[in-house]
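Below is one structure; the comments refer to it alone.
The values are calculated or read from the model by the stated rules, or taken from the named source; none is laboratory data. Small disclaimer: the values here were computed from a predicted structure and weren't measured. All Cβ positions, glycine included, derive from the backbone under ideal geometry; neighbour counts span all protein chains shown. Just so you know, the surface numbers come from the protein's heavy atoms only, side chains and all, with ligands and any DNA or RNA stripped out. Shrake-Rupley method; radii C 1.70, N 1.55, O 1.52, S 1.80 Å.
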Amino acid sequence: MTDHTAKAGGREWVGLAVLVLPALLASMDLSVLFMATPWISADLQPSGTQLLWVMDVYGFLMAGLLLTMGSLGDRIGRRKLLLIGAVAFGAASLLAAYANSTELLIAARALLGIGGATLAPSTLALIRNMFHDPDQRRAAIGIWTGAFTGGVALGPIIGGLLLEHFWWGSVFLINVPVMVLLLILAPILLPEHRDPAGGRFDLLSALLSIAAVLPVIYGIKELAEAGLHWPAVLAIVVGLAVGVLFVRRQSTMADPLIDVGLFRNGAFSAAIGAYAIMVFASAGTGYLAVQYMQVVLGLRPFTAALWMLPTVAGTMVGIALATALVRVVRPALVAGAGLAVAGCGFLLVNRIDVDSSEIVVIAGYTVLTLGIGMVAPLAIDLIVSTAPPSRAGTAAALGETGAEFGGALGIAVLGSVAIVAYRDGIGDSLPAGVPAEAADAATGTLGGAVAAAGALPAELAGPLMQAANVAFTDGFKLAAVVGAALLFTTAVVVGIRLRRVRLDQPVSH
């Protein structure tokens, strides 16, 4: 019989280090392309919608498949699924690194999302099996959370350092040696674990979960690209309808992919929502911030990467602060305060201008990540602790799904808000004499404006870039206002939903 009070030893802590690496890379791939966006735009010349697909198809597929992969891992073995995912993730990274067309890059990013979906739930599930002592398990989950949430912030930094010396495809190649190391060490250090009573794997539920997510995202993108039109609205309606069918099917199954009853617990649903919104804000703002720093402010990738370091420190300080505060302050106050701090970061970002100092945008983004760090570990702890032990696996998978979906949706929504504002702004301020082909490219994306300006004489290139920079900055500021409103609203809702929750008392189910 397993001793659930046994302390973990050195083998388990070394194994934790092995598990943290794929979790870090899985979250880094949400943001590692932020720095590479101008280079990809110039090299592959994607449309605005294609560029958004390059950025977030990874996160969307990962979010859509997390529940499926978590359920599959319970049945075939979590370590086995982790190794299969490592092979897939490494191979897709190679394909993405050498993609010579936008379509191939989107396909490679989609395959990366499928591989990433196997990594995240497997690592957290194995941690729960390796650390039986509650205090050690909380510490291990805290380390994992720091790596997983910090990866979103580290992605642009690592990408910037690589772009300083190599081509844009190098941001994918860093995945390969880590996956090789995982394949070598995992069989030695990690125990295998599967649920002997896992039940039947329901393929229809897995397909429904994907079919519910992707049409909604497609519709959002189309609304941002072409305005209100019936194909986009129809896609959203279809996705939501499939989502209803998925939830109804889960509620009637003996072995569902997700236990929808978990959402009846106010603390659980509030923690899921706070976690998703937190990643939404971080990923969406990071996508815009690095473009602003590189193109509008003209920073080189290495310099921009160095300027991003305070944002990582902000996340780590926030995690440490929340860990200390929850010992004496109720979760509602800590979570609400963290979300409010993040909202204040957005308001600081809204103060930027075309000729602002780098300090202005980084100060705002660092305050944002400080608030995010306060929310992340508390949300993970609540997600796990408010579910009964028999549903802990489902609860953890739902938390990761919310985080990944939030990050990808943040890039899509805030990126789309910025693009719409950019197009409206630059369309009214293009200098006279710009050829029609260059004007079309410039009104698509900021990267397109950079490429168009490079082929124009100086007397046209300068005014064109000035108009593009002003339009992009206005779009960035509008996205910041939207983000601030969302975070402040979420702070109030989460504070109310968690007002009766205490971490030192068992939660009723």
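When +1 charges are put on Lys and Arg Cβ atoms and -1 charges on Asp and Glu Cβ atoms, the dipole computed for the chain relative to its Cα centre reaches about 1780 debye. With contacts taken as Cα pairs under 8 Å at a separation of at least 6 residues, region 48-150 carries a relative contact order of 35 percent.
To the nearest 10, the accessible area of residue 380 is 10 Å² with a 1.4 Å probe.
Whole-percent P(r), region 73-123, all Cα pairs, 5 Å bins from 0: 5, 25, 27, 17, 12, 8, 5, 1.
Scaling against 2.2 N^0.38 Å puts the C-alpha radius of gyration of region 212-334 at 1.49.
Rolling a 1.4 Å probe over the heavy atoms of the protein chains gives region 181-334 an accessible area of 45 Å² per residue. For the chain, the carbon plus sulfur part of the accessible surface works out to 67%, probe radius 1.4 Å. Each peptide in 367-375, 464-472 receives the mean, over its residues, of other Cβ atoms within 10 Å, and ordering these scores from highest gives 367-375, 464-472. Mean residue ellipticity at 222 nm, helices only, the chain: -26500 deg cm²/dmol; runs of at least 4 DSSP H residues each add -39,500 (n - 2.57), and the sum is divided by the number of residues. Cα gyration tensor of region 1-114, axes a ≥ b ≥ c as square roots of the eigenvalues: rounded (a/c below 1.5), prolate (a/b > b/c) or oblate? Note, shape of region 1-114 comes out prolate.
A 1.4 Å probe over all protein chains sorts 144, 53 by accessible area into 53, 144, starting with the largest. Shape descriptor for region 48-200: Rg over Rh equals 1.00 (Cα atoms; Rh from the Kirkwood inverse mean 1/r). The shape of region 41-92 comes out oblate: with a ≥ b ≥ c from the C-alpha gyration tensor, a/c is at least 1.5 while a/b does not beat b/c. When only Cα pairs below 8 angstrom with a gap of at least 6 residues are kept, the chain shows a relative contact order of 21 percent. Peptide packing: for 417-430, 60-73, 334-347, the average count of neighbouring Cβ atoms within 10 Å per residue gives the ranking 60-73, 334-347, 417-430, highest mean first. Ordering 76, 306, 293 by Cα displacement along the dipole of the chain toward the positive end leaves 76 in first place; charges were set at the Cβ atoms of Lys, Arg (+1) and Asp, Glu (-1). Out of every Cα pair in region 291-385, what percent are spaced more than 16 Å from each other? That fraction is 56 percent.
Is region 99-166 rounded, prolate or oblate when judged by the Cα gyration tensor, a ≥ b ≥ c being the square roots of its eigenvalues, rounded requiring a/c under 1.5 and prolate requiring a/b larger than b/c? It is oblate, given that a/c is not under 1.5 and a/b is not larger than b/c. Overall dimensions of the chain, expressed as equivalent-ellipsoid semi-axes from the Cα gyration tensor (√(5λ), whole Å, largest first), are 38, 24, 22.
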